[in-house]
Amino acid sequence: MIELRRVFTHAEDIIHEFGPPPPQPLRRGAAVAIIQNPFAGRFEPDLLPFMDALKPLGLDLARRLLAALGVAAPAVQGYGKGAIVGSAGELEHGALWHAPGGYGMREVLGDTLAIVPSTKKVGAPGATLDVPLTHVNASYVRSHLDALEVRVPGAPAADEIAYILVMSTGPRVHERLGGLRADAIERWDGQR
Amino acid sequence: MLAAIRKLVVQVDEIRIEMGRPVDPPTRRALAMAVIANPFAGRYDENLEELITIGEELGGLLGARCVAALGIPPERAESYGKAAVVGEAGELEHAAAILHPRMGASLRRAVSRGAALVPSAKKRGGLGTAIDVPLGHKDAAFVRSHFDAIEARIGDAPRASEILVAVAVTERIGILTARHARELGQADRVILGTDGPAGSGVPPLGMLRLIALLSSMADIPGVSMVLIDGVVRCHRSRNTPPAVEVPVLVG
């Protein structure tokens, strides 16, 4: 059911952003699956079976991203997800990713508590998507509120969808705005 | 390290289906990029030695990052390319200093040899400027199947006083091609070629190595005919095991 056309991975080390370099560079990354959109060019009322079919892709993409980052699951401190739907599709086709992408990534990372923040749009080949990142256990951890710009040259074509997962291994490289600290999470309710 | 690196980015692009046709095994292309401070930003200098050294460093570093991202030993790298985007406070010659004098040698060490020119591109640009990094076969510049390009871009680079440097490497397909030919029972259709600069002795050594590598997948190689410039120079070798099939000239 899933026609996987292309897999794109991105990993980056931010050594500094014109301030004092932290002891460890910040490593962030994205994995993108470009699939054929089975609903391109038509209105399909029943999307739920496809959402189930995407579950293995969520797991696979999360594992590929860990491999691209070269880290084990416990090293991941922030995450997010997104989708870019090609021009012959609709935003709802991107929304299909919420469950399989979010739960897939949380399953691979272990018992993370926070909702996986997300964004989506309909876009042309090479469109950029700013995917939000938050702390994996508490959405309000201010140092980990971040975003990663994701873009795959040449994709998605009109009949394709780009499903995206992003992860980071730490806070923003020069974070200094206070708020809830990662080591001060209290409620363990996924938010604070 | 002389290069003041702000950011390192590594991407892998794996193509599994193109125009409805499965690509099996998938094509894998890696791109490694470094964002560095331009030591000559805002001023003219006759001597760009510092950037030449930085280019040498980055050829090795980015080449190694590509090979690592592909998860292959260096000798399986198949094609390569390089590019640079100079921020607004720099000049195009700064990109040239990084790319041309010494980057090629260190990149070749990272990908294990490379007889062919490393194709390149350069431009001046701002934040998010995309550059198409040309790709060519690393041992033979005229291999048409390997003429390719991969787009390099970083959203927040280069700042005016920075330079974005990119190296691209793709995975070797020689072994895979040989395997497919064998599965089809058409191993005799595999042709190896090189057009790397002659005279150094490196291309013939590379060819011998490749012949030995591919032959070892099946059996001990036997020389059954040698043609040079279309002329049969000798037939079966007495120094290798007898070939199972004797080739015949048909045209």
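Using DSSP H assignments, which helices in chain B have an axial alpha-carbon span of 18 Å or above and a mean Kyte-Doolittle hydropathy of -1.0 or higher?
Numbers: long enough: B:49-70 (32 Å, 0.88); B:202-215 (20 Å, 1.61).
TM-like helix candidates: B:49-70, B:202-215.
Would you list, by chain and number, the lysines whose Cα falls below 30 Å from the Cα of B:Lys82, excluding same-chain residues fewer than 8 positions away?
Reachable lysines: B:Lys7, B:Lys122, B:Lys123, B:Lys138.
Compute for chains B and A the buried accessible surface, both sides summed, probe 1.4 Å, and express it in Å² to the nearest 100.
Counting both chains, the buried surface is close to 2000 Å².
Roughly how many nanometres apart are two label points built 7 Å out from the Cα toward the Cβ at B:Arg189 and B:Asp229?
Result for the modelled spin labels: 3.1 nm.
Largest first, how would B:Thr27, B:Thr129 line up by accessible area (1.4 Å probe)?
Numbers: B:Thr27 65, B:Thr129 30 Å².
Most to least solvent-accessible, the answer reads B:Thr27, B:Thr129.
How fast does chain B diffuse by Stokes-Einstein, in µm²/s, taking the Kirkwood radius from C-alpha pairs at 4 °C and 1.567 mPa s? List each step's numbers first, then the result.
Numbers: Rh = 19.9 Å.
My calculation gives 65 µm²/s for D.
I'd like the distance between the alpha-carbon centres of the range A:48-76 and the range B:46-86, rounded to an integer number of Å.
If you average the Cα positions of each part, the centres end up 30 Å apart.
Have a look at the DSSP beta bridges in the protein assembly as shown and tell me what percent are antiparallel, nearest 5. Write out the running numbers ahead of the final one.
Numbers: 84 of 96 bridges.
Antiparallel: roughly 90 percent of the beta bridges in the protein assembly as shown.
Counting other C-beta atoms within 10 Å, and keeping those with at most 16, which DSSP coil chymotrypsin sites (Phe, Trp or Tyr not before Pro) do you find in the range A:136-189? Mind dumping the intermediate values first?
Working: sites: A:Tyr140, A:Tyr163, A:Trp188; in loops: A:Tyr140, A:Trp188.
Hits after loop and neighbour filter: A:Tyr140, A:Trp188.
Accessible surface of A:His144 in the full protein assembly, 1.4 angstrom probe, to the nearest 10 Å²?
Here the accessible area works out near 10 Å².
If I take R0 = 45 Å and measure r between the Cβ atoms of A:Ala99 and B:Leu2 in this structure, what FRET efficiency does the formula 1/(1 + (r/R0)^6) give, to the nearest 0.05? All intermediate terms of the calculation are to be shown ahead of the outcome.
Values: r = 49 Å, r/R0 = 1.09.
The calculated FRET efficiency here is 0.35.
What lysines sit close enough to A:Lys120 to cross-link, taking a C-alpha to C-alpha distance under 24 Å and skipping anything fewer than 8 places away on the same chain?
By straight Cα distance, A:Lys120 reaches A:Lys55, A:Lys81.
Might you tell me the accessible area per residue for the protein assembly as shown, computed with a 1.4 Å probe and given in Å²?
Working: 21160 Å² over 443 residues.
So the protein assembly as shown comes to 48 Å² accessible per residue, rounded to a whole number.
Setting aside same-chain residues fewer than 8 positions from A:Lys121, which aspartates and glutamates have a Cα under 12 Å from its Cα?
Cα-Cα hits under 12 Å: A:Glu90, A:Glu92, A:Asp130.
The values are calculated or read from the model by the stated rules, or taken from the named source; none is laboratory data. Computed from a predicted structure; not experimentally measured. Methodologically, a virtual Cβ is constructed for each residue, glycine included, from the backbone with ideal geometry; neighbour enumeration extends over all protein chains shown. Ligands, DNA and RNA are stripped out before the accessible areas are found, and what is left, the full protein with its side chains, is counted by its heavy atoms. Shrake-Rupley method; radii C 1.70, N 1.55, O 1.52, S 1.80 Å.
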